[in-house]
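The structure appears right after this line, and notes come after that.
Bear in mind these aren't lab numbers, they're just calculated from the coordinates by the rules spelled out. Keep in mind the model is a prediction, meaning the values are calculated, not measured. For neighbour counting, all protein chains shown are included, and Cβ atoms are generated from backbone atoms with ideal geometry for every residue, glycine included.
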Amino acid sequence: MAFPVPVIVPVLLPLPLDQPYDYLLANGDAPSPGSFVVVPFGPRELLGIVWSRRSPRPVATARLKSVQTVLDTPPLPPTLLAFMQTVADHTLTPLGQVLRLAIASTSALAPAPLKLAYRRGPAPMPVKPSIVTARVLAAVGEVPGEAPIVAAELGKRAKASAAALRQLALDGLLQAVEVDTDGGPASPDPERPPLALDPQQEVAAAELVAMVEAKSGVALLDGVPGSGKTEVYFEAVAAALRAGRKVLVLLPEIALSAQWLERFVRRFGEVPVAWHSGLTSAQRRDRWRWIARGQAKVVVGARSALFLPLTDLGLIVVDEEHDQSFKQEEGGIYHARDMAIRRAAIEGCPIVLASATPSLETILAAGLGGHVEPEANWRHLHLPARHGTAPAAALELIDLRRQRPPRGAFLSVRLRQALQDTLERDGQSLLFLNRRGYAPLALCRACGHRFRCPNCSAWLTAHRLRRRLQCHHCGYGMPEPAHCPSCGTVDSLALSGPGVERVAEEVRQLLPEARIAVMTSDTVGTANAAEALVAAMAAREVDILIGTQMVAKGHHFPDLLTVGVIDADLGLAGGDLRASERTFQLLYQVAGRAGREARAGRVLVQTHVPDHPVLQALASGDRDRFLQVELAERQEAGMPPLGRLAALILSGPERPLVEKAARELARAAPFDPDIRVLGPAQAPIALLRGRWRERLLVKASAEVDLQAYLRGWLGAQKFSSKVMLTVDIDPQSF
Ligand code: ADP
Ligand code: ZN
């Protein structure tokens, strides 16, 4: 008999560590990389996965601890392991923290709960069965081998008590078994007939299908709102399914995608497997297993779905690729679009980036900016016209310097008339203001005291519905004060500026007969509430919808005739270099909601700076000219996507320590003629959730290997335990 030889297994743990630790496995073969194991770690037991590479600091075998359990959870596939390493390398996030993203819900790993069920037992039928017995035996069927029925269900069908069923099992007439209840997902059917595509859709769809067949390529699917981008990439989804491969679709706000799911069902007959933060832990567990076992054919999810253990991918789609919510800002900072492109390369499948307002990164890579040649393997697919007869909505700028709203109001006369007129014509309106709450500023009328958050460098926003002042960064809140904490004056609270609640109040006074709804994260806190409101709007139960950027996303409201933008200048203020790009995207998307079907729509945009390039681009509809100007400015400033940038944020509860650490870090920066280190300076929000923040910006030209430089620099740094360093490659705001 051979002696079992212990093997050394490297185990990656979900901790901020870059390397696996070695463990011993007493006997048997080493589990394959990606297998789930439980190991002792200090006083704790941790879930980890077997990694493909040994720890670089080997420990004497005698001192190694042993793996406690090897779980029978399906191992993470090799392509996912490779992808995790890529994400860690690109974002300078410790590998163990990337693992945490991949096993975000450990409940996904718990075994499926087993339920008591019964099937026909071995005992022969009694000569004179009682009525209950006869009903039960009829319900479970004649044959002992038939599929078991869950006890609760059987009791209901046969009108039998749990005790009666137990007795029948004791008598041998039933056989008790335990069943795994997680079933499996439905399979979308690619053979159902698609909509008849129009000629421009046909061309784009054919190109995507060819990419699916070639198993490579990156396509920018660039189409105006209503051009049918979804219908077009559905053809690529169908092609991948026909080839027996899987599909991953990333959407910005899965919460708002009921309309998307409906369309998917219309095309493919079944729902895809949805993955988002609103799932219960039981749903997560089941769905994660379906995916790990290869049962899920199409997975649609928010950015975290990028780390699911899908295999055999035939296509990845990133819809609304410009959307900011693809950037994960905490616990491992990454951009889901950029990482999706890398995952597609690792999986050997094509990727589609769909948008009406592509990010400058994508514009540049697709060779659209006129600046550089397109990157190899990138394709630009253009859908310049809406599907069908709907003409593009007319867009009009309202110059607030000339057409000032009435005193204390925020809607100009022109916009008021448009709302009234739309209501009379039996149409719907949408008002957009990217500001939650009632008023952005709360102050004392007597002494001018302004209310600010104690945990953040931010003013408090007044929320009238709740009679509270709230911080939008950390969630801090206080009741509306009865007197000023600074001068003591009673009833002196003044609320200044508009938020959506205040706009709703104004519209209610103006059009008391209109049915008004407000859509912000305050009024529709859950995914279901948001879906219900979108459904109510689509069903014409709402006349005027007022909301923040939540309303800008790809909803399709056939009777929406008028879109009003209350303050187009909001996003343009401040020194952020991406401000113009973002404002353009947001306003263009909002405007795209108007007049989606036969009746012509109009868009009214209130602004104090009608000559601003963003507003001129919107008014003229000349997106490409605007993009050229933006790219030229980024070129000039050496900023992304034409230069490279990283932000290093140092944060901690004690300001002097944070400042000292930032100064020391800056001093330690290695000299490199192609790299500039700017700062330290206060981060844009200098105090956030009770932590002080200092920032260094690292700028380099596009050819420089910024990650290598940062690794060389940061790897040697030691910080006080009260200071944390966060690396943000390609920060969204700078
Ligand atoms: P986009 O994503 O480009 O804004 P959508 O894919 O949402 O456009 O399409 C807009 C609307 O037009 C949807 O209601 C869609 O069902 C409809 N549509 C698009 N293409 C077709 C087509 N070929 N036949 C019928 N309806 C279509
Ligand atoms: Zn705060």
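Can you tell me the equivalent ellipsoid semi-axes for segment 1-100? Use √(5λ) from the Cα gyration tensor, largest first, whole Å. It would help to have the intermediate numbers written out before the result.
Details: eigenvalues 107, 44, 30 Å².
With the √(5λ) rule applied to segment 1-100, the semi-axes are 23, 15, 12 Å.
Starting from the alpha-carbon convex hull of segment 199-383, give the projected area averaged over all orientations, in nm². All intermediate terms of the calculation are to be shown ahead of the outcome.
Working: hull surface 41.6 nm².
Result: a mean projected hull area of 10.4 nm².
Can you give me the pair-distance distribution of segment 115-179, C-alpha pairs, 10 Å bins, whole percents?
Histogramming segment 115-179 at 10 Å steps yields 25, 65, 10, 0 percent.
Spit out the partnerless Cys residues in the chain, using Cβ distances under 4.7 Å as the pairing rule.
Among the cysteines of the chain, those whose Cβ sits 4.7 Å or more from every other are Cys349, Cys474.
If you average the C-alpha positions of segment 272-322 and of segment 476-527 separately, how far apart do those two centres end up, in angstrom?
About 39 Å separates the Cα centre of segment 272-322 from the one of segment 476-527.
Please rank Ser304, Ser187, fewest neighbouring Cβ atoms within 10 Å first, as an exposure proxy.
Result, fewest neighbours first: Ser187, Ser304.
Please rank Thr548, Thr389, Thr489, fewest neighbouring Cβ atoms within 10 Å first, as an exposure proxy.
By the 10 Å Cβ count, ascending, the order reads Thr389, Thr489, Thr548.
What does segment 575-734 give for Rg and for Dmax, in Å, if only its C-alpha atoms count?
Taking only Cα atoms of segment 575-734, I get Rg and Dmax of 20.3, 64 Å.
Quick check: Cα centre of segment 179-232 to Cα centre of segment 579-614, how many Å?
Cα centroid of segment 179-232 versus Cα centroid of segment 579-614: 28 Å apart.
What are the extents of the Cα atoms of segment 488-586 along their three principal axes, in Å, largest first?
48, 41, 27
Using helices alone, I'd like the mean residue ellipticity at 222 nm for the chain: each DSSP H run of four-plus residues gives -39500 (n - 2.57), total over residue count, nearest 500.
Calculated from helices alone, the mean residue ellipticity at 222 nm is -9000 deg cm²/dmol.
Rule-of-thumb check for the chain: C-alpha Rg over 2.2 N^0.38 Å?
On the way: Rg = 29.6 Å, N = 734, 2.2 N^0.38 = 27.0 Å.
Ratio of Cα Rg to 2.2 N^0.38 Å: 1.10.
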